[in-house]
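The values are calculated or read from the model by the stated rules, or taken from the named source; none is laboratory data. What you see is a predicted model, and the numbers here were worked out from it, not measured in a lab. Backbone-built Cβ (ideal geometry, glycine too); neighbour counts: all protein chains shown. Just so you know, the surface numbers come from the protein's heavy atoms only, side chains and all, with ligands and any DNA or RNA stripped out. Shrake-Rupley method; radii C 1.70, N 1.55, O 1.52, S 1.80 Å.
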Amino acid sequence: AGRFSELVGLGEPGLLKAHLRLETALGLPRLDSDRVSSEAVLQAMRSDKKREGFLRLVLLKSPGDAVILADPDEEDLRRAMLDILEGGEGD
């Protein structure tokens, strides 16, 4: 969601990098591209019972400033996931 927010121009510059630093400091695990695919994530999102016919994402503009984006472009979403799964940090 952080990478997607930056990709579509919602997230302020550096937001994703700050989140990744925080996750690392807290010892949270990172997704492994050998075990998770963007298609598997998209399929799980499409089958969510709360979906109501379209995807919705909660994205951050800045810390504490969230927005709901309905029906995001799936190709942009796929690119953002692939970037994260390949170790991208929004540089």
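Values computed for the structure shown
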item	result
Where labels lie 7 Å past Cα in the beta-carbon direction, separation of Ser47 and Arg35 in nm	1.9 nm
Protein accessible area in the chain, 1.4 Å probe - carbon and sulfur %	52 percent
With all protein chains modelled, accessible area of Leu22 [1.4 Å, Å²]	100 Å²
Per residue accessible area in Å² of the chain, where ligands, DNA and RNA are left out and the probe is 1.4 Å	67 Å²
At 1.002 mPa s and 20 °C, Stokes diffusion of the chain via Kirkwood alpha-carbon radius, µm² per second	155 µm²/s
